[in-house]
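What follows is a single structure, written as structure tokens, with notes after it.
The values are calculated or read from the model by the stated rules, or taken from the named source; none is laboratory data. Since the structure is predicted, the reported quantities are computational estimates derived from the model, not experimental observations. In this analysis, Cβ positions are derived from the backbone assuming ideal geometry, glycine residues included, and neighbour counts consider all displayed protein chains.
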Amino acid sequence: MFDGQRFRTVVKTERKNRQVFAVTVHQVSKSVEGARAAADYKAKQHCIQYFGTSEIDWTVAPDADVQSLRIVDNTLTFRGSCHDEAA
């Protein structure tokens, strides 16, 4: 639950490169702030699972200005890359 709402979030990567990802949040109209928090949480889960860190270099970040967010079909997508602690 984020901002009192449940959000369906999906992380997509290429199987050969799980470091670079896109996280998509659906039903953003419930709460933009909640959707942003859900995306950040899901992305950190992904990075911890595959790389042992919650550090992310965002291309498009959940904390970007609301005006710069691009909501398409009630869906919000953020892109980033996990830090690889083994590197």
Worksheet item: Does R79 count as touching a residue at least 40 places away in the same chain (Cβ under 8 Å) and touching a helix residue (DSSP H, G or I) at 6+ places or on another chain (Cβ under 7 Å)?
Response: no
Discussion item. Looking only at region 1-12, filter to residues that are surrounded by 16 or more Cβ atoms within 10 Å (Cβ to Cβ) and of a type in the set (V, I, T); which one of those is farthest from Q45 (Cα to Cα)?
Written reply: T9
Worksheet, complete the sentence: N74 fails exactly one of (1) surrounded by fewer than 16 Cβ atoms within 10 Å (Cβ to Cβ); (2) at pLDDT 95 or above; (3) closer than 16 Å to K12 by Cα, namely (3)
Discussion item. Any residue that is at pLDDT below 95, in contact with a strand residue (DSSP E or B) (Cβ under 7 Å, 6 or more places away or on another chain) and farther than 22 Å from D73 by Cα - is there at least one of those in region 38-51?
Written reply: yes
Fill in: Long-range neighbours under 9 Å by Cβ, at least six apart or interchain, first residue closer than 17 Å to T59 by Cα within region 4-24, second crowded, with 16+ Cβ neighbours inside 10 Å and among the acidic types (D, E)
V23/D40
Worksheet item: Take the residues of region 67-81 that are among the charged types (D, E, K, R) and not in a strand (DSSP E or B): which is nearest to V32 (Cα to Cα)?
Response: R70
Worksheet, complete the sentence: Filtering region 14-32 down to residues that are of a type in the set (A, V, I, L, M, F, W, C) and out of contact with any strand residue (DSSP E or B) (no Cβ under 7 Å at 6 or more places or on another chain) yields V32
Response to the item:
Selection from region 38-68 of residues aliphatic (A, V, I, L, M) and in contact with a Lys or Arg (Cβ under 8 Å, 6 or more places away or on another chain) yields I56, V60
Worksheet item: Just for region 21-66: of the residues that are part of a loop (DSSP other than H, G, I, E, B) and not small (G, A, S), which one is surrounded by the fewest Cβ atoms within 10 Å (Cβ to Cβ)?
Response: D65
